[in-house]
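Worksheet: one structure, shown below.
Since every read-out is calculated from the coordinates, none of them should be taken as a lab result. Note that the structure is a prediction, hence the values are computed from the model and not measured. Cβ placement follows ideal geometry from the backbone for every residue including glycine, while neighbour counts extend to all protein chains displayed.
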Amino acid sequence: MILNELKIGNLTAKIPIVQGGMGVGVSLANLAAAVANEGGIGTISGVQIGFREPDFLTDPIGANLRAIKKEIKKAREKTKGIIAMNFMAAMNNYELYVKKAVEEKIDLIVSGAGLPMALPKLVKGSSTKIVPIVSSAKAAKIIIRSYLKSDKLPDAVVVEGPLAGGHLGFKMDELLEDKCMALIDIVKEVKLLLSIFEEKYKVKIPLIAAGGIRTKSDIIELKGAGADGFQIASLFVPTVECDAHQNFKSAYINATDDQIEIIKSPVGMPGRAIKTNFLSETGKFNITKCYRCMPSCNPKDIPYCISEGLINSVQGRDGLIFSGADLSNVNKMTTVKEVIDKLIR
Ligand SMILES: Cc1cc2nc3c(=O)[nH]c(=O)nc-3n(C[C@H](O)[C@H](O)[C@H](O)COP(=O)(O)O)c2cc1C
């Protein structure tokens, strides 16, 4: 298959594969560097990245800032390739964390779950590229118009469709009734929008498609619709390089289709996850500590704590396991190289 390199400003990824950021702690330096070493772009998740620091409970901000520096340094020691960092725009202290990653010279910031309007200001004076994640042309237009006020354009755009894992930029009822626009159609719409700005400002804004990409033919189809890059997350979970606990990886290998469900996340957005005891017990939790991760979250009103659920699962305990749709071909442990070879080589 002939696939072009993925050029984002002065950065060139030899293969157009981007590993999607996976929080909490599922994609850290190890997975990101392995993907970058294959010629793609690896993404460290910045969401509650300090969860392994000894003072995380008492000083989550300090722990997160320290861990951002540590993980970027660790990734740089493992690869000379391109490393991105993912932050959710709706997170508390978002700007502080992004600034820290920029200070540590991260190559790209990829950001969704809310509109990442502050990115131009946060990377000013640096060479860090900004890549918003959108699920519609409407959102892309709002973001681009806002960036233009700072004389900036996004360096690339991730278009995430309804089959992705984690939090989803679609309405709950549309997801449950299968009425969301398909990724390929959103790609076409966003491509058209980007071409207007590309023409006007004489720049290239690469489009990276994400959500449910499982095979070579998915890639060929999306390339035909105008995608320049392909962001993949779920397929990288059951790899030896993935930073999550083996129990997390095994949950992917063992999950059947009817065990993957749309959930209402305490963050206020829908999400896709594997059914676990943790989720079935929802509502029976006594929330005793708050990690202060989301401004929109009030511990009194939520069925469970999302940070606790995600930290539990990534460390191998019963918890919240985000996943993309359709894991039917995910049935054994593999390696990053094997995943990429199957997809594009
Ligand atoms: C376990 C898991 C955690 C995720 N966490 C995040 C996250 O913290 N921030 C984010 O922007 N996207 C997150 N995502 C979405 C991915 O980055 C990616 O765009 C999407 O899952 C791609 O679809 P795929 O999993 O079908 O390949 C997560 C996905 C998974 C599977």
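Normalised by the number of residues in the chain, the average gap of Cα pairs under 8 Å and 6 or more apart makes the relative contact order 18 percent.
Computing Rg and the Kirkwood Rh from the Cα coordinates of the chain gives a ratio, Rg/Rh, of 0.93.
By count of other Cβ within 10 Å, fewest leading, how are Arg272, Arg345, Arg66 ordered?
Details: Arg272 24, Arg345 11, Arg66 17.
So the residues, fewest neighbours to most, are Arg345, Arg66, Arg272.
A Cα-only calculation for region 1-145 places Rg and Dmax at 14.8, 51 Å.
Note on Asn10/Arg145: beta-carbon distance plugged into 1/(1 + (r/R0)^6) with R0 of 35 Å gives a FRET efficiency of 0.90.
Kirkwood radius, region 247-322, all distinct C-alpha pairs, inverse of mean reciprocal distance: 12.8 Å. When the trypsin sites (Lys or Arg not before Pro) in region 175-206 are filtered for DSSP coil states and for at most 11 other beta-carbon atoms within 10 Å of their beta-carbon, the remaining sites are Lys179, Lys202. A simple spin-label model places the labels of Ser126 and Asp341 3.6 nm from each other, with each point 7 Å out along Cα-to-Cβ. Each Lys or Arg adds one and each Asp or Glu subtracts one; over the other residues with Cβ under 10 Å from the Cβ of Gly9, this totals +1.
Using only the Cα atoms, work out Rg/Rh for region 119-224, with Rh taken as the Kirkwood radius, to two decimals. Mind showing how you got there, number by number?
Numbers: Rg = 14.5 Å, Rh = 14.7 Å.
That ratio is 0.99, to two decimals.
Electrostatic tally near Gly125: other residues with Cβ closer than 14 Å to its Cβ, Lys and Arg +1, Asp and Glu -1, net +4. Distance between the C-alpha centres of region 1-17 and region 19-89: 22 Å, rounded to the whole angstrom.
Mean-square fluctuations from a GNM of the chain, with a 10 angstrom spring cutoff on Cα atoms, peak among Phe56, Phe87, Phe322 at Phe56.
Among the DSSP beta bridges whose two residues both lie in the chain, what percent are antiparallel, rounded to the nearest 5? Let's see the in-between values first.
Working: 12 of 40 bridges.
Once the DSSP bridges in the chain are tallied, antiparallel ones form about 30 percent.
May I ask you to derive the relative contact order of region 247-322, considering only C-alpha pairs under 8 Å and at least 6 residues apart, and to give it as an integer percent? List each step's numbers first, then the result.
Values: 101 pairs, mean separation 26.3, N = 76.
Dividing the mean separation by the residue count of region 247-322 yields 35 percent.
Coordinate range of the alpha-carbon atoms in region 1-87 per principal axis, descending: 51, 21, 21 Å. Taking Val131, Val187, Val123 as the candidate residues, the one with maximal mean-square fluctuation in a Gaussian network model of the chain, Cα springs under 10 Å, is Val123. Please list, or write none, the lysines whose alpha carbon is within less than 17 Å of the alpha carbon of Lys191, excluding same-chain residues fewer than 8 places away. Reachable lysines: Lys7, Lys138, Lys141, Lys200, Lys202, Lys204, Lys223. Quick check: the distance between the Cα centres of region 244-278 and region 159-236, to the nearest angstrom? After rounding, the separation between the Cα centres reads 22 Å. What is the sum of charges around Lys216, taking Lys and Arg as +1, Asp and Glu as -1, for the other residues whose C-beta is under 15 Å from the C-beta of Lys216? Residues close to Lys216 contribute a combined charge of 0.
In order along region 50-55, the phi-based Karplus estimate (6.51 cos²θ - 1.76 cosθ + 1.60, θ = phi - 60°) of 3J(HN,Hα) comes to x, 4, 9, 6, x, 9 Hz; Gly and Pro are listed as x.
In this simple spin-label approximation, Asn254 and Arg52 carry label points 7 Å from Cα along the Cα→Cβ vector, and these lie 2.4 nm apart. The P(r) of region 87-179 has a tail past 19 Å containing 41 percent of all C-alpha pairs. Largest mean-square fluctuation among Val203, Val134, Val159, in a Gaussian network model of the chain whose springs join Cα atoms under 10 Å apart, belongs to Val203. Close amide-amide hydrogen proximity is noted between Ala209 and Val159, Asp228, Gly229, Phe230, Gln231, each under 5 Å apart and 5 or more residues distant or on a separate chain (H modeled in the peptide plane; Pro and chain starts excluded).
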